[in-house]
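What follows draws every value from the coordinates through simple rules; no lab data is involved. Please read these numbers as outputs of a predicted model, since none were measured by experiment. Heads up, the Cβs are rebuilt from the backbone with ideal geometry, glycines too, and the neighbour counts pull from every protein chain shown.
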Amino acid sequence: MLTTDDVARFHDQGFLALESFISAEEVERMRTIYDRLFAVRAGRSAGDQFDLAGADDEAREANLPQILNPSRYAPELLRSTTLARAQEVLAELLGPDATVGGDHAINKPPRNGVETPWHQDEAYWNPAVSYHSLSIWIPLQEATVENGCMHFVPGSHRGEVVPHRPIGGDPRVHGLEVEPGVVDVSAAVACPIPAGGATIHAGRTLHYTSPNRTADHRRAYIISGGAPEEKATEPREFPWQAARHTARAERANAARPAGG
Ligand SMILES: O=C(O)CCC(=O)C(=O)O
């Protein structure tokens with residue numbers, strides 16, 4: 001799928017923008033599944049569906065609806081061309097042992113003023129593990145600056161995980177953002193791409209998406225994966241993870257089988 005230049009650019013810059021990743025027919029097929037999952041709030045009671053950027057109030061419309069593990073609720077996603085392509089790209093960028101680890105979906109409602117703030121994906125993960133990972137972000141319509149395309153800080157994947165906090169400093173919010181004033185994002189680049197394109201970023205690449213100012217949803221389906229995990233060589237702590245007390249986590253705990 002990728003050229004030698006693409007592979008070199010990914011390792012140098014920490015991200016790639018591809019104009020063409022899946023076909024128009026596959027976009028259509030994925031979008032039908034995607035819209036159905038959000039319409040029924042798939043995974044809500046298991047804590048897999050929630051508001052990434054709000055207090056996740058049952059009674060209020062979500063700022064930034066997210067579904068973790070959508071393929072758990074639509075297993076046909078596991079047999080999609082999209083997933084097969086993701087597996088190819090993982091092997092090309094991270095080596096033959098790299099595999100798909102999971103999927104999620106973030107759906108920015110129309111005329112929604114909420115950004116997905118600057119963060120590194122690794123800030124969400126286990127600090128005791130050393131990752132060699134990436135995420136493939138696939139918009140199911142054109143992604144533009146106006147509807148919430150990806151922005152990246154080139155080279156930021158080479159740094160450490162910087163301090164994060166729950167978005168807005170609100171412990172009820174699942175989403176994380178870089179602590180204000182900690183990073184310089186003045187060199188960031190926006191990556192508008194057509195429907196069927198994809199952006200790919202490493203686990204530590206700083207990224208952001210703009211608010212959706214259009215009349216349509218901004219749908220993104222995201223597949224993550226990596227090389228086999230190793231134990232981190234240096235002890236690390238991510239205190240921002242324990243700083244959250246979310247309704248999502250309460251639902252997930254309540255849904256867990258007793259003794260499990
Ligand atoms: O789609 C978005 O708004 C954010 C996506 C993101 O942060 C990610 O894929 O890691």
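Listed values, structure above:
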item	result
Span-like helix ranges in the chain, DSSP H, alpha carbon extent 15 angstrom or more, Kyte mean at least 0.0	81-94
Given charges at Cβ of Lys, Arg, Asp, Glu: the chain dipole, positive-most of M150, F38, H217	F38
Qualifying GluC sites (Glu not before Pro) in the stretch 155-260, DSSP loop, other Cβ atoms within 10 Å at most 13	E160, E237
Cα lying deepest toward the dipole's positive end in the chain, options P257, N63, T233, charges on Cβ	P257
Approximate shape of the stretch 66-189 as ellipsoid semi-axes (Cα gyration tensor, √5λ), whole Å, largest first	25, 20, 16
Cβ-defined net charge surrounding L16, 12 Å radius [Lys, Arg +1; Asp, Glu -1]	-4
q = 0.08, 0.10 Å⁻¹: log10 I(q)/I(0) that the Debye formula gives for the chain, counting C-alpha atoms only	-0.29, -0.47
Cα convex hull volume per residue for the stretch 193-260 (Å³)	232
Sparse-neighbourhood loop sites, GluC sites (Glu not before Pro) in the stretch 117-149 - DSSP loop, at most 16 other Cβ within 10 angstrom	E146
Alpha-carbon Rg with Dmax, taken over the stretch 1-86, Å	16.4, 50
Net charge of neighbours whose Cβ lies under 11 Å from the Cβ of R85, counting Lys and Arg as +1 and Asp and Glu as -1	-3
Volume of the Cα convex hull of the stretch 109-260, divided per residue and given in Å³	146
Test item: Cα-centred dipole of the chain, Lys/Arg +1 and Asp/Glu -1 on Cβ, debye	700
Qualifying GluC sites (Glu not before Pro) for the stretch 45-109 [loop in DSSP, other Cβ within 10 Å: at most 12]	E58, E61
Lys, Arg +1 and Asp, Glu -1 on Cβ, resulting dipole of the stretch 36-123 about Cα centre, debye, nearest 20	420
Charge context of T116, other residues only, Cβ under 13 angstrom, K/R +1, D/E -1	-2
Length-normalised contact order for the chain - Cα pairs under 8 Å, 6+ apart - percent	31
